[in-house]
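Take a look at the structure set out below.
The values are calculated or read from the model by the stated rules, or taken from the named source; none is laboratory data. Predicted model, so just to flag it, every value in this text is computed and none were measured. Every residue, glycine as well, gets a Cβ built from its backbone with ideal geometry; the counts of neighbours run over all protein chains shown.
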Amino acid sequence: MGLKVFSLNTDVLTRLKNGDEAAFSAIYERYYSEIYNFIFSFLKQKQLAEELLQETFLTVWVQRQKIDPYQPLEPLLFTICRRKVLDNFRKITSTEALKQQLLYNMQNMVNNTEEAVFYNDTIAFTNDALEKLPKQQQVVFKLSRLEGLSYEEIAERMDLSKNTVKNHLVAALKTLKLHFKEHGVMYLFFLIFHN
């Protein structure tokens with residue numbers, strides 16, 4: 001009999017927590033395909049996806065004593081996995097080809113529930129950055145980048161000069177770029193704000 005005969009019940013998770021390698025192998029066999037497919041959907045690179053898959057399960061093994069056997073394992077697995085993907089993105093240089101690849105990958109990720117969670121995390125990070133801007137910069141930025149209005153249209157709507165609108169947008173982009181750079185996620189800046 002193979003390792004797949006184990007079901008992921010409290011007993012298996014308890015044994016994993018206690019360092020049982022057979023329980024760990026059973027969990028690996030159960031989830032490796034889902035985790036690999038999730039990683040590959042972002043990176044589109046087989047070798048890199050395999051490396052991050054191994055790192056994900058290595059982290060599970062190293063942190064096994066923190067596992068609650070009475071809680072489902074999937075959220076923990078995918079949280080670790082998402083962090084590995086994010087860490088990898090932080091290391092990527094911002095060449096045009098890579099930005100386009102990341103943009104394509106991000107646009108296609110909502111096909112999967114876990115990918116949707118990753119997308120929501122990205123949007124939450126972006127919204128948090130926007131909330132730190134002065135109010136007028138927030139409004140100008142949203143009208144320009146989210147609603148697609150021109151400088152003239154924004155100026156008319158906000159009763160400002162076209163030059164003031166432009167200055168607000170430039171200042172907002174500069175602040176956001178710095179915020180994203182400080183958090184090591186410049187790829188998000190390029191994906192969301194770079195035209």
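Some values worked out for this structure:
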quantity: Selected residue (criterion: farthest from the chain's Cα centre (by Cα)) from residues of the stretch 152-161 that are surrounded by 12 or more Cβ atoms within 10 Å (Cβ to Cβ) and over 14 Å from GLN136 (Cβ atoms); calculated: GLU156
quantity: Residue match in the stretch 77-92 (condition: more than 27 Å from ALA23 (Cβ to Cβ), touching a Phe, Trp or Tyr at 6+ places or on another chain (Cβ under 7 Å) and modelled with pLDDT under 85); calculated: yes
quantity: Condition met for ILE67 (in contact with a Lys or Arg (Cβ under 7 Å, 6 or more places away or on another chain), surrounded by 15 or more Cβ atoms within 10 Å (Cβ to Cβ), hydrophobic (A, V, I, L, M, F, W, C) and closer than 16 Å to THR14 by Cβ); calculated: yes
quantity: Those helices (runs of 4 or more DSSP H) lying entirely in the stretch 101-195 with at least 3 residues more than 29 Å from LYS44 (Cα to Cα) and modelled with pLDDT of 85 or more; calculated: 135-141, 151-158, 162-182
